[in-house]
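Engineer: Have a look at the structure that comes next, please.
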Amino acid sequence: MSIIEVQKKDGQIFSYIRNKWLHYTPEEEVRQNLVCKLVNDFGYPLTVMSEEYRPDLETRGVRSTRADIVIFESQEKKNQDYNAFIVIECKAENVKIRLEDFYQGTEYAAKLRAQFLVLHNSKETNFYAVDMDKIPNKVDAFTQIVAIPHFSEIGDAQKIAEIKSQTKTFTREEFTRMLRTCHNIIRNNDKLSPEAAFDEISKILFMKIRYERDKRGSEVFTLKKFQQLEKDYEQYTRPTLRRQGVDLPYMQILFNDTKDIFKDDRLFDDNETIKIRQNSFEQILEKLQVYNLSDTQDDVKGIAFEHFLGTTFRGELGQYFTPRTIVDFMTNILDPKEGETICDPTCGSGGFLIKAFEYVREQIEEDIKNTKARLRSELEGKNYDMLSEKEQFAINERIEQMQSALNTELDTQVEGSRMYNLSRNCIYGTDANPRMARTSKMNMIMHGDGHGGVHHHDGLLNVNGIFEERFDVILTNPPFGSRIDKSQKVTEADRFTDEVLIAKYMAKYGDAYEKALKQVNDNIGKSLLSLYDVGSMSGLTEVLFMERCLRLLKKGGRMGMVLPEGVLNTANLQKVREYFEGKAKIILICSIPQDVFIAAGATVKPSLVFFKRFTEQEEEQYVAAKTKAENEIRQKYTGQIHALREKIAIEKAKRVKTKAGILMAEKELKEIEKAIVEESKPLVKEYFDYEIPIAVIEDAGITSTGAPSSGNQLPALQAEYIKYKASHDLWENFILKYSYKVNGKSQIIRSGGITGKEVILYAKN
């Protein structure tokens, strides 16, 4: 095969695949350079390649789209419009290669069931293997590899498999193993406990994340880079600091800078320091330097971090981990939507918050994906193929700008974007354990952010945006089996005193926040139990958190809780159950095996209980039912009540009163009132009647050892419940609608959403 080179003349560039001269553009030169590389270096004949490939894909779910280059296994398969072997998308050199910015290529690779995807600009080429089992709509279906096959290797299945296995970026499993290795370095070198060793790894991870974010992913924080920066510090900066009375090693300086960056997030205490030797620090840096955490997919980082947490802390901190099968099921049942606020006041390692974040993020990504397809079709119009090359180029340029502008909606760092709102205004959590609160924040960051609303704080007390009637959805696994007694007070240490943050929260939440602060400020020195109605009935933590969660919900809001089964059927909690029956509807009870939490050290049989706080209408219906029932029962006692009241009146009218007689009559009246309340309860349930679905699950996808089980029944129950919910109108579906259009200036106009105002989205290079 002869060598080919890019040909340009008179404002034109030659296309070897189409065998004709095209209008010259920088983007077209990028493509033709790659065509030459494919022919010269990889041996692909021009006859198996297509440019601007646009088959009839209506049956595949794609309309009016083109791939820059598509390669088939043979000319015969090309002629048959068979599945592609390689899909290639080219961009101008100013477009950084990130999968999320190459929507067209990933979409095509998925729909054409290609084995490989190539993303290319004039500076770099990224190769990806495509996992069809993870298609569609999953970014982690694309694994970056070292190279694509040579044309001569197409028929060699073993060679293809080998090429796909030569990954360039790390997998979840690799990252998990690396974190374990780092953990062992600290335990062996510095003799720290597993928990303390984890804390030190966390510090290094965040130093690395901070550095690579600052460099926007263009530079990796390596051991060599650290040593270079340290040398400059020792030569130029440390002598000056010593004269000022400050003498710190460079790794501590870097950590202090990191603490400052995350100061508002309160990831670390102000006095927190690096507690490992520099030798350990450098060993860990060397291990981690193969990874750019700024560029790494959130799914890879996040799930690997979760696996590391689970395996490291299963024994030491197992009670803080709710199994993933339970987290997934509960989140799917409550079905949180974009724009809804979500809270876990006992968040542990952040499992529920992460799942809710991912659940809503997928909704946003799907909407943006569909919007891109719709706007592309509108921009191309019906007569695209009949337009001149110059006209097509102008349209393609507008399409690129449109897609780039819409990508900003998925960037958590772009103020006002949909993902910015999700990560900063919709996810909240607290945990009383400082290590777990910090872990939850870190876990959230690894999964793509949403950590700013997570706090180290008593979940029963207000903080930041976590206060009464704020939330649409609550998901939680509260601590149970322990008690709070009357001696436990609200103390000065519980008072929030950061004036800067108070001003910030006042501006954000208004008068509601000032009222929220009073829960603590007005009750210093009082028993924590006195803050809750059920505090006079029970000191059990699970009972108090039930009331706490109901209070946190907006009217009509919904929540899912892991609770010990005894809460639902123990006789001494009857009054507690009646209290909640007057505040919320039970929309599902799911009994799960005790095995699910044995690995976490729990010994009680749990249930998953789902509530919906009464709407105003339901409150009125409940009060009406209660009034009607009590009035009916009261009729039975009318004679006795009348006689007793008459007796009291007569005694009071006497010149010489019989106090004992009055007290006796008043006591009898009180007993009658109690009897009316008790006897009316069955009638209240009859008049305020609603169905309570109850399910018993024998396999929840996890064994007593914490290992996955094969017969998980939760997905089937979930599917059944979704149908049930749809037919029973259990709660009002929240729909936050966004609409997008392209104006004449190639700008993307967004309307609707939270504000309802029009916003111009700008293309990001």
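Engineer: Would you list the helices (runs of 4 or more DSSP H) that sit entirely within the stretch 173-247 and hold 1 or more residues that are in contact with an Asp or Glu (Cβ under 6 Å, 6 or more places away or on another chain)? Break it down stepwise before answering.
Structural biologist: Details: elements: 194-214, 223-232, 238-243.
Where helices (runs of 4 or more DSSP H) fall fully within the stretch 173-247 and carry at least 1 residues being in contact with an Asp or Glu (Cβ under 6 Å, 6 or more places away or on another chain), they are 194-214, 223-232.
Engineer: Please verify whether the stretch 527-534 includes one or more residues that are over 32 Å from the mean Cα position of the chain (by Cα) and in a strand (DSSP E or B).
Structural biologist: Yes, because at least one residue in the stretch 527-534 is over 32 Å from the mean Cα position of the chain (by Cα) and in a strand (DSSP E or B).
Engineer: Consider only pairs whose beta carbons are under 6 Å apart and that are at least six residues apart or on different chains; among these, list those whose first residue lies in the stretch 392-407 and is in contact (Cβ under 8 Å) with a residue 60 or more places away in the chain and under 14 Å from L761 (Cα atoms) and whose second residue is assigned to a helix (DSSP H, G or I) and of a type outside the set (S, T, Y).
Structural biologist: Filtered contacts from the stretch 392-407: R398/L379; M402/L375; Q403/K372; L406/I368; L406/K372; N407/D101.
Engineer: Shifting gears a bit: So which residues in the stretch 551-570 are outside any strand (DSSP E or B) and surrounded by fewer than 21 Cβ atoms within 10 Å (Cβ to Cβ)?
Structural biologist: R551, E565, G566, L568, N569, T570
Engineer: Going through the stretch 408-433 one residue at a time, which ones are free of Cβ contacts under 8 Å to residues at least 60 places away in the same chain and part of a helix (DSSP H, G or I)?
Structural biologist: Listed by number, the residues that qualify are M419, Y420, R424.
Engineer: Still on this structure, please answer the following. Condition (residue is over 21 Å from I342 (Cβ atoms), assigned to a loop (DSSP other than H, G, I, E, B) and polar (S, T, N, Q)) applied to the stretch 386-393: is it met by at least one residue?
Structural biologist: yes
Engineer: Of a type outside the set (S, T, Y) and in contact with a Lys or Arg (Cβ under 9 Å, 6 or more places away or on another chain) - does that describe any residue in the stretch 481-492? First the steps, then the outcome.
Structural biologist: Taking the stretch 481-492 as the starting set, the residues that turn out to be of a type outside the set (S, T, Y) are 481, 483-486, 488-490, 492.
Right, trim to in contact with a Lys or Arg (Cβ under 9 Å, 6 or more places away or on another chain) and you get 489-490.
Yes, the stretch 481-492 has at least one match.
Engineer: Show the residue pairs meeting these rules: Cβ distance below 7 Å; 6+ apart or different chains; first residue within the stretch 153-164 and without any contact (Cβ under 8 Å) to a residue 24 or more places away in the chain; second residue assigned to a helix (DSSP H, G or I) and of a type in the set (V, I, T).
Structural biologist: From the stretch 153-164, the pairs are E153/I160.
Engineer: Tell me which residues, restricted to the stretch 337-352, are surrounded by 24 or more Cβ atoms within 10 Å (Cβ to Cβ) and either more than 19 Å from E468 (Cα to Cα) or free of Cβ contacts under 8 Å to residues at least 24 places away in the same chain (or both).
Structural biologist: Within the stretch 337-352, G348, S349, G350, G351, F352 qualify.
Engineer: Here's another thing I want to ask about it. Just wondering, is there one or more residues in the stretch 466-482 that are outside any loop (DSSP other than H, G, I, E, B) and farther than 29 Å from F611 by Cα?
Structural biologist: Scanning the stretch 466-482, I find no residue that is outside any loop (DSSP other than H, G, I, E, B) and farther than 29 Å from F611 by Cα, so the answer is no.
Engineer: For the condition within 26 Å of the chain's Cα centre (by Cα) and closer than 29 Å to K685 by Cα, what is the one hit in F597, F545, F580? Full working, then the answer.
Structural biologist: On the way: F597 fails: closer than 29 Å to K685 by Cα; F580 fails: within 26 Å of the chain's Cα centre (by Cα).
It is F545.
Engineer: Pick from the stretch 78-102 the residues that are part of a loop (DSSP other than H, G, I, E, B) and crowded, with 17+ Cβ neighbours inside 10 Å: which of them is modelled with the lowest pLDDT?
Structural biologist: V95
Engineer: Of the conditions (1) free of Cβ contacts under 8 Å to residues at least 60 places away in the same chain; (2) closer than 18 Å to T106 by Cα; (3) in contact with a Phe, Trp or Tyr (Cβ under 6 Å, 6 or more places away or on another chain), I368 clears all except one; give me its number.
Structural biologist: Status for I368: all satisfied but (3).
Engineer: Just name the residue that is surrounded by the fewest Cβ atoms within 10 Å (Cβ to Cβ) out of those in the stretch 595-644 that are of a type in the set (G, A, S) and either farther than 27 Å from L552 by Cβ or modelled with pLDDT under 90 (or both).
Structural biologist: Selected residue: G639.
The values are calculated or read from the model by the stated rules, or taken from the named source; none is laboratory data. Just so it is clear, the model here is predicted, and its values are computed rather than measured. Every residue, glycine among them, receives a Cβ derived from its backbone with ideal geometry; neighbour counts consider all protein chains shown.
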